[in-house]
């Protein structure tokens, strides 16, 4: 098994698509920082939605970290995130 470097990028921009990596990559994990209201983070491969995550309405609980198993989630075009107004930030880890 070959090794690969893991990189990180984050955004606090809400309401529009933000390219976190321009090019093919694999999403390995992410940290979402919620606010006091429920929000949504949508992950995309270019313009195609991969999945959406709904956050709980609780900034007091702090950030939520999720690691994706094995090879992660493949993005053939680029890795994009879209944060609703009720998400403070997202940090992604990719290889």
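None of the figures in this text is laboratory data; all of them are computed from the coordinates on show. Treat the numbers as computed from the prediction; the structure is a model and nothing was measured.
Details
- Stokes-Einstein diffusion for the chain at 10 °C, viscosity 1.306 mPa s, with a Kirkwood radius from C-alpha pairs, works out to 119 µm²/s.
- Full-extension gain in nm, residue 17 to residue 77, via 0.36 nm per residue minus C-alpha separation: 20.2 nm
- Whole-number percent relative contact order across the chain, with pairs defined as alpha carbons under 8 Å at least 6 apart: 49 percent
- The gain in end-to-end length when the residue 49 to residue 9 segment is fully stretched comes to 12.5 nm, 0.36 nm per residue minus the alpha carbon separation.
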